[in-house]
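The values are calculated or read from the model by the stated rules, or taken from the named source; none is laboratory data. This one's a predicted model, so the numbers in the text were calculated from it and none came from an experiment. With ideal geometry, Cβ positions are generated from the backbone for all residues, glycine too; neighbour counts draw on all protein chains shown.
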Amino acid sequence: MSMRRTVLLGSAGWVIAISLLYGGLNLGLFDRSARRERRGAAPFRVGFIPVTCHLTCPVTHFINEQLVGDGLFEPIRFSGWPELKETFLASDLEATFILAPLAMSLREQGVPIKIVYLGHRDGTTMMVRNDSTIQRIEDLRGRKIAVPNRFSNQCLIIFKALRERGMSIRDVTLLEMPPPDMPAALFSRSVDAVISGEPFMAQSEMDGYGRVLFMTKDVWPNFISCVLAVPERVIQTRRAEVQRLVEGIAKSGKWLDRSMTHRMQAAEFAGRQYYHQDPKLLRFVLSKPPDRVKYTHLSLVRKDFEEIEALGKEADILRGTAHFEEYTDTSFVPDEAIIPPYDWEGSP
C-alpha cells in the first residue's frame, strides 16, 4: 500500500471517529431514547411494577384507550425494582413510577430527574403470620423483616415506628426481597414479618396465614411510597406529553376514589391485562378497608418530602444534599382541584 493511500485512509478514519464521537456526545446518536424521539413517532414509555402504588398507570392507559382509542403512553411492566431502576438509568423509559427515597437518592448522586406527581397515599401493610407471637411493634425486636429495597419508604416506616417506641433499626434484621416473593417467605417462616406495597401483602391475608400488624395510615398518615419521576431531558423535549401523562394520572386517581364500582372495574382490567394477576387480589385490597389505598391529593407537598428527607438522613439512606426544589417539578399540577376525574362509566 502506498504512503499516500495509507495517509488518506488514516485521515478518513479519524474523520469518521471524530464525527461519531461528536454525534454520540452532542446529538445522542447512541442514546436509544434520543433515537426514538428523532423518529417522530417515538413511544412514550412509562415503567411500573404490579403494585397498587402504580395502579393509576394502567388505569390511565386503559381508560384513554376506551375514550379515544389511544392510551397516551406505553406502559412497561417490571417485576422488581433493580430491573426498573437500571432500565430507567439507561434512558429506555421516558417516565417511571419509582420509590420516593430512591428518586431522591438518585438526584443526590447527580442523576437529572424530577418528581412530577405521586403514585398514591398509604397502601403499605406489615404482615405477620396468624400464629406469630408478634402482637405489637415492640415485639419485632430480634426478628427478620422483608423489605422491598433499602431505599424504600417501607424501611423508613420501620425506622420511624421503632424510634417512636424507644427502639433502634439495629433491633431488627432487614432483608431485601422482591414484593412478589414475600408471601411465600412469610408462609415458609423464612422471615417473621413482611412489609411492602399492596396487593402482595393482602395475598397472605386472603390465603389465611397472614395477619395485619399495622397499616401505614396507623403509623404514618398520608404516607408516600412511590412517585412519578421524569428525566429533565424528557421534560425539556417532550413537555406536552409529560403534561398529558400527569393530568391522566390525576384524573385516574379521582376516578378510582369516586366509587367502589370504579375500583372493582379497575381490579378486573388491571389485574388481567396489566398485572397478570387474579383480579380477586386487587378487589380485596381495594375494598378491605376502602381507605387501605388512596389515590387523591397526590400533588407534591414540601413538608411531606422534607419529612422523608429528615428520616432518610437519620436512617443513613439519604445524604441530605438534595432538596425539594432540586428533585421536584410542581409546575404540571399547579391546582389539583381543577382537574376532573375521567368521565367513563363503562365496564372492562
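Just a few scattered comments:
- If you filter segment 57-77 down to residues that are under 16 Å from the mean Cα position of the chain (by Cα) and either charged (D, E, K, R) or at pLDDT below 95 (or both), you find that the one that is nearest to S225 (Cα to Cα) is R77.
- Residue in segment 217-228 that is farther than 30 Å from I134 by Cβ and in contact with a Phe, Trp or Tyr (Cβ under 8 Å, 6 or more places away or on another chain) present: yes
- Qualifying residue in segment 199-222 (condition: part of a strand (DSSP E or B) and under 17 Å from L55 (Cα atoms)): no
Each row is one residue, and each column tells you yes or no for (1) more than 22 Å from the chain's Cα centre (by Cα); (2) over 23 Å from C57 (Cβ atoms); (3) aliphatic (A, V, I, L, M).
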position	(1), (2), (3)
K160	no, yes, no
A184	yes, yes, yes
E198	no, no, no
Q203	no, no, no
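- Among the residues listed as S91, S105, S79, the single one being assigned by TED's automatic domain parsing to the domain that holds H262 and touching an Asp or Glu at 6+ places or on another chain (Cβ under 7 Å): S91
- Residues that are in contact (Cβ under 8 Å) with a residue 60 or more places away in the chain, surrounded by fewer than 21 Cβ atoms within 10 Å (Cβ to Cβ) and farther than 16 Å from L93 by Cα, drawn from segment 222-241: N222
- Tally, over segment 243-280, of residues that are of a type in the set (V, I, T) and buried (at least 24 other Cβ atoms within 10 Å of the Cβ): 1
- Residue match in segment 39-53 (condition: aromatic (F, W, Y) and part of a strand (DSSP E or B)): yes
- Residue pairs meeting the criteria (Cβ under 6 Å; at least 6 apart or on separate chains; first among the small types (G, A, S), in segment 94-109; second surrounded by 24 or more Cβ atoms within 10 Å (Cβ to Cβ) and assigned to a helix (DSSP H, G or I)): A100/N153
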